[in-house]
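Enquirer: The structure that follows is given in the form of structure tokens.
What follows is calculated from the coordinates using simple rules that are stated; it is not laboratory data. Every value quoted in this text rests on a predicted model; they were computed, and no experiment measured them. We place every Cβ from the backbone using ideal geometry, glycine too, and count neighbours over all the protein chains shown.
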RNA sequence: GGGCGCUUAGCUCAGUUGGUUAGAGCAUCUCUUUUACAAGGAGAGGGUCGGGGGUUCGAAUCCCUCAGCGCCCACCA
């Protein structure tokens, strides 16, 4: 320690305060850590001496919430552990400001909206600054200008996040900060896409896709969620083409009859076998459609025969594709019924019926159709109300529709069995914490029903970096896109110009046009290891940190963030992007509900830091087992604060003892046994942390700590005071144990451990070596069964205490006479510690008796107490 | 419908290859304040370990089964 330069760590003068306290210790140590740079990543370190973390970039719209405090603390405990193990820890922070939440905030704050067709204005200033008047119609601005505003606005939030994360004690190297809409992220994202395109892993396709009619964009399977919605079964009669009566189908979407292209029944369903191959005519619209068979038709569902529409749900898409049906689309991208009726509707009455619903929303059209069906007699009985699961975009407000559109995809195994198997195999190359989380990964991949749709018809985000030639016919040539050079990235095809063209040719015949779409936010987030590790611009650094050691994240985004990162890394580097995936649980409110603003059960982190201290909040977070959903608990923070206070007081006591002979060797059995027990704790804690189980490490250390305070210290403190011949054994053992315990607690309680460390050591505890059993036990003798010794002596002490409590007297009361009955072996152990036992119990005369029973019995005669 | 997790004291939870009498914290009650700590300390009460069956000398722990809660996924005419 003496070789640490003084200028690096200027702890307050090494002394123990008279009245130690936890007030304001955070600010002092945050300042010191910053100054001496204890969290700085050492770029010269070799890969095997680096621990790298693919930190989840929090979305910075809004404020830090306790769920983030919860999970980020877990990662930090692991980071601090590895730093003490001598690793150079690559622990970056990123801000996720590329996405809808940021886009919305910028629109509302500045009164602007992004329009890629507007030219970039270098001298642009926003019309408003958070004071947008009601009724203002947003000013359309270019995408580069919009991105500037995003960066400007989010930087304010990011500052607040940084302050809170520092207060929490995250040992992030802030010089490694990135943002997901920043230049480097856009470059990485676009280069990654171009590489996927060059290798054939990304491809465009015109196909039916799930579509959010409010956002006006396609969405990916991973962004769907089911919601309970009221609906109704409608029994509807289709006239048979041969004139032999009706076929009754059941549907929840009668408004789609105009989009009906077939009926389908199961091939083994005898009720319809004679009908297969025949035709029927749709009610109202009088279109002739075939009756076909397909395995996916369910015999026991409805009437067993289903109406196929283009497109009502994903099964319709399968039928449409596999049965080679025509497309008869009636829903537009705005969620309204198209103005023009499908060509198949020939009759005037059909066209008239269609004109009733044209331009209406889906909901309005349904009401109208049901009325018309009822009037025409095609509706059999009344609609029967049900509730059913309907697919929504997770951020959307109306059910998804399916529209046909041209989109970009990345192959993820959803349409390729071999590839799917390869990705499941990649999952086995990761070590999962907890291990059962791997099932969710496998489960997701096995359920994929298509490739990953990455294009979005939005205006803000990382643009698809392509242009298309416009032919003489005025149509874009999508077959051979114009690519940018890697050096040009990031580009925005809406304002940048492809090589060999100039801006005047934009949108003209013989000229070019930019791809209008942006990429899904996950298409960029799936490259966080590459972004954080500077894949695009610092090959040397990237080779030192990638594949990363750890990906911490929440379990509900295994299907999105985790899986998509594996996909990109598989393609780009042929490896899994990390060695370990650490999945954190959710923080629940005290009633085990998911916390949410609408329930009003949100507590702000800053308030808790003020009331309990950062270490106490961290104690709550790190006492939750990895991956387990955990209730928010201020009680647990109180316990954490108690622990921190106790550590202050114990440290004050132990450091304050004379330790004249620093080279003294622990010799007394109780001292040696205590150190052996502690060595076991070191061993278990180390193992636990290597396995990402900070909670077990904390629990083991804490359990030992309280035993140490309550029993061991009570027994040896008199001897330590005395200055007798065995005093040195006690003081050196106390020092050694305290030194070790402080370091064991350091990853979870960084502030209080640094505080007490500073009272007697010259450097930062966080730059110290993690304790080892070797250093604890190197110079002390083997001891047979140290646990037997400690429990036996502990039992005697406990019985003496109980006698005093039952005698309703102070623990200080002397014991006139004590008779211990135990086996010969037990008495030998007890006698070896009798000196300490006498001190702790206030014993006078002691008699020992051997017996054969296993149980130790103790008779206690208390000295008379003088009550004044 | 498939998968995963959970179910242990009033509450929140430990209990890691099966092993004395199942533990901790909080809460409750009793006792205890001049030498590290009252934001302390010493103790007490409180549990048929979700139900049933099995394996074993021995099961909270392993197997089977049932139930409840939660999550992920699929289906959803």
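Enquirer: Evaluate E = 1/(1 + (r/R0)^6) for residue A:318 and residue A:159, where r is the Cβ-Cβ distance and R0 equals 30 Å; express this FRET efficiency to the nearest 0.05.
Expert: Details: r = 50 Å, r/R0 = 1.67.
Efficiency computed from Cβ-Cβ geometry: 0.05.
Enquirer: Express in nm, to one decimal, how much length is gained between residue A:652 and residue A:195 on full extension, taking 0.36 nm for each residue of separation and deducting their alpha carbon distance.
Expert: 158.5 nm
Enquirer: For segment A:756-868, what is the relative contact order in percent, using Cα pairs closer than 8 Å and at least 6 residues apart in sequence?
Expert: Taking the mean separation of contacting Cα pairs over the length of segment A:756-868, I get 30 percent.
Enquirer: Among A:420-426, A:533-539, A:186-192, how do they line up from the highest to the lowest mean number of other beta-carbon atoms within 10 Å?
Expert: Final packing ranking: A:186-192, A:533-539, A:420-426.
Enquirer: Continuing with the same structure: So what does the Cα-only Debye profile of segment A:209-349 read at q = 0.10, 0.18 Å⁻¹, as log10 I(q)/I(0), no solvent term?
Expert: After summing over all Cα pairs, the log10 values are -0.35, -1.11.
Enquirer: Which ordering of A:233, A:441 is given by a fewest-first count of other beta-carbon atoms within 10 Å? Walk me through the intermediate numbers first.
Expert: Details: A:233 16, A:441 24.
Listing A:233, A:441 from fewest to most nearby Cβ atoms yields A:233, A:441.
Enquirer: For residue A:300 and residue A:224, what does the FRET efficiency come to when R0 = 25 Å and r is the distance between their Cβ atoms, rounded to the nearest 0.05? Don't skip to the end; give the middle numbers.
Expert: Working: r = 26 Å, r/R0 = 1.03.
Rounded to the nearest 0.05, the efficiency is 0.45.
Enquirer: Measure nothing but the geometry: give the 0 to 90° angle between the long axis through the Cα atoms of A:100-110 and the longest principal axis through the Cα atoms of chain A, rounded to 10°.
Expert: The angle comes out near 80 degrees.
Enquirer: Between residue A:628 and residue A:288, what is the spin-label point distance in nm, taking each point 7 Å from the Cα along the Cα→C-beta axis?
Expert: Taking the two extended label points, one gets 6.9 nm.
Enquirer: Kindly express, to the nearest 10 degrees and within the range 0 to 90, the angle between helix A:25-36's C-alpha long axis and the longest C-alpha principal axis of chain A.
Expert: Taking the Cα atoms of chain A, the angle to A:25-36 is about 80 degrees.
Enquirer: Related question: Quick one, what does Rg over Rh come out to for segment A:164-247 if you take C-alpha atoms and the Kirkwood Rh?
Expert: So for segment A:164-247, dividing Rg by the Kirkwood Rh gives 1.28.
Enquirer: Using the count of nearby Cβ atoms within 10 Å as a rough guide to exposure, how do A:102, A:251 rank from fewest to most? Kindly include the intermediate steps, with their values, before the conclusion.
Expert: Working: A:102 27, A:251 21.
Going from sparsest to densest Cβ surroundings: A:251, A:102.
Enquirer: What's the ranking of A:567-579, A:755-767 by average number of surrounding C-beta atoms within 10 Å, highest first? Before the final figure, lay out each step's value.
Expert: Values: A:567-579: 19.5, A:755-767: 21.1.
Result, highest mean first: A:755-767, A:567-579.
Enquirer: Taking all pairs of different Cα atoms in segment A:109-265, averaging 1/r and flipping that mean, what Kirkwood radius in angstroms comes out?
Expert: Working: mean 1/r = 0.0452 Å⁻¹.
Evaluated over segment A:109-265, this radius sits at 22.1 Å.
Enquirer: Moving on. Throw me the Rg/Rh for chain A, computed over C-alpha atoms with Kirkwood Rh, two decimals.
Expert: Rg/Rh for chain A comes to 1.10.
Enquirer: Okay, moving on. Which of the peptides A:692-699, A:501-508, A:75-82, A:639-646 is most tightly packed, and how do the rest follow, going by the mean number of other Cβ atoms within 10 Å of each residue?
Expert: Output ranking for A:692-699, A:501-508, A:75-82, A:639-646: A:75-82, A:692-699, A:639-646, A:501-508.
Enquirer: Pairs of Cα atoms under 8 Å, at least six residues apart: use those to get the relative contact order of chain A, whole percent.
Expert: Working: 1594 pairs, mean separation 124.8, N = 868.
Normalised by residue count, the contact order of chain A is 14 percent.
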